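Below you'll find the structure, written out as structure tokens, and then a few comments.
The values are calculated or read from the model by the stated rules, or taken from the named source; none is laboratory data. A quick note: this is a predicted structure, and the numbers were derived from the prediction, not measured. Cβ: placed from backbone, ideal geometry, glycine included. Neighbour counts: every protein chain shown.
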């Protein structure tokens, strides 16, 4: 999941020189590039992979949780590598550049 991926990236940097990279930095960039789109279900916004996202290795999986069922968005190795390769662009978007 993107939360674990973002946490691992943040763990690799010096906390004194860089602020924490938020999950929304990744997902907003993926929406802007056409790999995810926003879907509204029961008045809540959710991200879902587009066809391009699925080709990249982003996929949705139904899961059960404490509050009931939900759709998890997962990232295969190819998609994770793609995010790392584009980390400069993701950070720039997150910083409003």
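Against the numbered list (1) surrounded by 14 or more Cβ atoms within 10 Å (Cβ to Cβ); (2) within 10 Å of the chain's Cα centre (by Cα); (3) at pLDDT below 95; (4) not in a strand (DSSP E or B), residue 47 comes up short only at (4).
Here residue 52 fulfils each of the conditions (1) at pLDDT below 85; (2) assigned to a helix (DSSP H, G or I); (3) more than 19 Å from residue 3 (Cα to Cα) apart from (1). Per the conditions (1) touching a strand residue (DSSP E or B) at 6+ places or on another chain (Cβ under 8 Å); (2) part of a helix (DSSP H, G or I); (3) without any contact (Cβ under 8 Å) to a residue 24 or more places away in the chain, the sole criterion not satisfied by residue 30 is (3). Among the numbered conditions (1) surrounded by fewer than 16 Cβ atoms within 10 Å (Cβ to Cβ); (2) assigned to a strand (DSSP E or B); (3) in contact with a helix residue (DSSP H, G or I) (Cβ under 9 Å, 6 or more places away or on another chain), the only one that residue 61 does not meet is (3). Scanning the range 70-97 for residues that are exposed (fewer than 10 other Cβ atoms within 10 Å of the Cβ) and modelled with pLDDT under 85 turns up 95, 96, 97.
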